[in-house]
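Visitor: Here's a structure for you.
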Amino acid sequence: MKAIMVVFILAGGMLSLIILIDFIMGTEPKLLIWKALNPFRVMEPAEYVIVFLFALFFCIRLVRSFLKKKKKQSESQTN
């Protein structure tokens, strides 16, 4: 859970930083969010697959770690 929160906090911070820098440079307020999200709109299909696989790998490792902790905890309770 902590890992997911850290990822969201870092992503939100980076997105905020991008928007703030664009605002300081004088970009129109209507275009700030569009400019921040535009790099995701020009990705190639292969890049989408790589990003999806990275996210899937991260989630699988997270679930596996959680299940190991649960199993270890249940084994220690039964002994």
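The values are calculated or read from the model by the stated rules, or taken from the named source; none is laboratory data. This is a predicted model, so every value here is computed, not measured. Each accessible area value is taken on the protein alone, full model and side chains, heavy atoms only, with ligands, DNA and RNA left out. Shrake-Rupley method; radii C 1.70, N 1.55, O 1.52, S 1.80 Å.
Visitor: In the chain, what percent of the accessible surface is made up of carbon and sulfur (1.4 Å probe, ligands and nucleic acids excluded)?
Guide: Whole-percent figure for carbon plus sulfur exposure: 73.
Visitor: Reachable lysines from Lys70, Cα under 25 Å, same-chain residues fewer than 8 places away excluded?
Guide: Lys2
Visitor: Just checking my list (1) 60; (2) 72; (3) 64 against percent of Cα pairs over 15 Å apart computed from this structure; which label fits?
Guide: Entry (2).
Visitor: What do you get for the angle between helix 45-78 and the principal long axis of the chain? Use alpha-carbon atoms, 0 to 90 degrees, nearest ten.
Guide: With both axes taken from Cα atoms, the answer is about 30 degrees.
Visitor: Can you run phi through the Karplus equation (6.51, -1.76, 1.60; θ = phi - 60°) for segment 17-30 and list ³J(HN,Hα) in whole Hz, with x for Gly and Pro?
Guide: Rounded to whole hertz, the list is 5, 4, 5, 5, 5, 4, 5, 5, 6, x, 5, 4, x, 5.
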